[in-house]
Amino acid sequence: MPGYDPSDEHRPVLWLRGHPVYAAHFLTLIFVVTLLASTIILTLDLPWVLDRLTFRSDAVLRGEVWRVVTYGFVNPPKPWFAVEMLMLAWFGREVERHFGRRIFLQLYAGLYFLPPLLLTLLGLAWPTALAGEAGAVGLFIAFATLHPDAPFFFTLLAKWVAAILVGIYTLIALSTHDWAQLLSLWATTGFAYAMVRREQGHFSWPRFGGSGRTEENIRPVAIVKPRVDAVSADVDALLDKIAASGIGSLTARERAQLDAARDRLRRREGGRR
């Protein structure tokens, strides 16, 4: 792509009155808009509209595949929604700043689409349903994996807050027999942790149907090193001596050698111009 700078991945999408705006903030804005839209729909007593957007495995298996995308747009007012938006904006921004916008969007796409895809498969055995924003908790898990010793409430570390949060959600899902929510929680938690660890270089995703190359049939390639200029090596040795003991430690011969090298460099630069 012409004019593309990979370093832009870690920069804000734009600046708004001196404040950086990241992709995580745009996602937060989208879900806030869905909150307002869901509120208006319920106020107008049109719940069937939200029902058409909610994920239901039986409906998806009948061909209503749009529900895999639109389930996250069903956000009726609830107190916890504000906390989820703070998590999405804050922890999402930190993950985006660390890994870059492309990896962040890949992570969030996995967190968003993994639950409905798994629940569709589960729906082959029994029907499942899902609605509401997905991914905020997963982004916090990603942040806690990235910065496990970051202090939180009462100096509680991020890794312990993440463990407590997942534990509480698990207990709630078990007590209400909400197996779809439980599967979604565990799937997104595992995916967020694995994605961060992969980007940190701890492992790589398995490859299926690759080129068939193995360690036995890969021949080592000889690495040809360029010849080192003897004059440059001598100059490097003189610079190391200056760094260690100061320029006053050079002998008259070494000073002359350094001056000659400097003159050659000036002539070379002048010839390039």
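The values are calculated or read from the model by the stated rules, or taken from the named source; none is laboratory data. Because the structure is predicted, anything quoted here is derived from the model rather than measured. So basically every Cβ, Gly included, is an ideal-geometry build from the backbone, and we count neighbours across all protein chains shown.
A single entry from Leu27, Leu50, Leu42 fulfils the requirement of being surrounded by 14 or more Cβ atoms within 10 Å (Cβ to Cβ) and farther than 25 Å from Leu117 by Cβ: Leu42.
The C-beta contact set for region 85-101 (first residue assigned by TED's automatic domain parsing to the domain that holds Thr145, second residue β-branched (Val, Ile, Thr), distance under 6 angstrom, 6+ apart or interchain) comprises Met85/Thr28; Leu88/Thr28; Ala89/Thr28.
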